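Asker: Encoded as structure tokens, here's the structure I'll be asking about.
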Amino acid sequence: MYWIRPQQILAATAGAHRFLWDMRYEALNVPAAYPMTAIIHNTPPDATAPWVMPGTYKIRLTVNGQTQEQPMTITMDPRVKTSISEWQRQHDLSMICYEGRKKSMNKFPVIYQKFTGLFNILESTEMAPTSQTEKAVKETQAELENLLKK
């Protein structure tokens, strides 16, 4: 527990409060795993969801039954030199793995492990996905679709 980042809960008291979104889709409901590269009291769990793509998103806050919405624009870090088409390709493959993990989580453990391994490959590199990784993702997706048809 010495290394793990404590959960940060948005305060319910009156006044302004800061909330940080990690720019990922909703995390999968799986036990947390932590990297070997730890930071004292600030080690976050390994990601289980892909990053969002640059674009405009709608932020919604509901308090006491009243909802407020506001647009938010996510832009690419200008230091990143990877083309948007390569980011889109990586995002699409990561989303296939993410959705595949959700569908196979409690039903098909072998498929779940394949998607987990492929997701980790896609998330751990700054390079464009290789053709072998793309082929493996699509084959695993087809494998899951065949199992779901049965």
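Asker: When you go through (1) closer than 13 Å to LEU28 by Cβ; (2) outside any loop (DSSP other than H, G, I, E, B); (3) polar (S, T, N, Q) one by one for SER85, which number turns out not to apply?
Answerer: Failing condition for SER85: (1).
Asker: Another one. Just to verify a result, which residue in the range 3-18, among those that are touching a strand residue (DSSP E or B) at 6+ places or on another chain (Cβ under 9 Å) and in a loop (DSSP other than H, G, I, E, B), is surrounded by the fewest Cβ atoms within 10 Å (Cβ to Cβ)?
Answerer: Ranking the candidates gives ALA12 first.
Asker: Moving to a separate point now. Enumerate the pairs (first residue in the range 75-91 and surrounded by 10 or more Cβ atoms within 10 Å (Cβ to Cβ); second residue anywhere and part of a helix (DSSP H, G or I) and among the aromatic types (Phe, Trp, Tyr)) with beta-carbon separation below 9 Å, excluding pairs fewer than 6 apart on the same chain, so at least 6 apart or on different chains.
Answerer: Pairs that qualify, where the first residue is surrounded by 10 or more Cβ atoms within 10 Å (Cβ to Cβ) and the partner is part of a helix (DSSP H, G or I) and among the aromatic types (Phe, Trp, Tyr), are MET76/TRP87; VAL80/TRP87.
Asker: Right, next: Just need a number here: residues in the range 40-77 that are hydrophobic (A, V, I, L, M, F, W, C), closer than 26 Å to GLN90 by Cβ and part of a loop (DSSP other than H, G, I, E, B).
Answerer: The number of residues fulfilling the criteria is 5.
Asker: Counting only residues that are among the basic types (Lys, Arg) and either in a loop (DSSP other than H, G, I, E, B) or loosely packed, with under 11 Cβ neighbours inside 10 Å (or both), how many does the range 103-133 have?
Answerer: 1
Asker: Out of curiosity, is HIS41 more than 25 Å from GLU143 (Cα to Cα) and out of contact with any Pro (no Cβ under 8 Å at 6 or more places or on another chain)?
Answerer: Here the answer is no, as HIS41 does not meet what is asked.
Coordinate-derived values only; no laboratory data. Bear in mind the structure is a predicted one, so any value in this text is a computation, not a measurement. All Cβ positions, glycine included, derive from the backbone under ideal geometry; neighbour counts span all protein chains shown.
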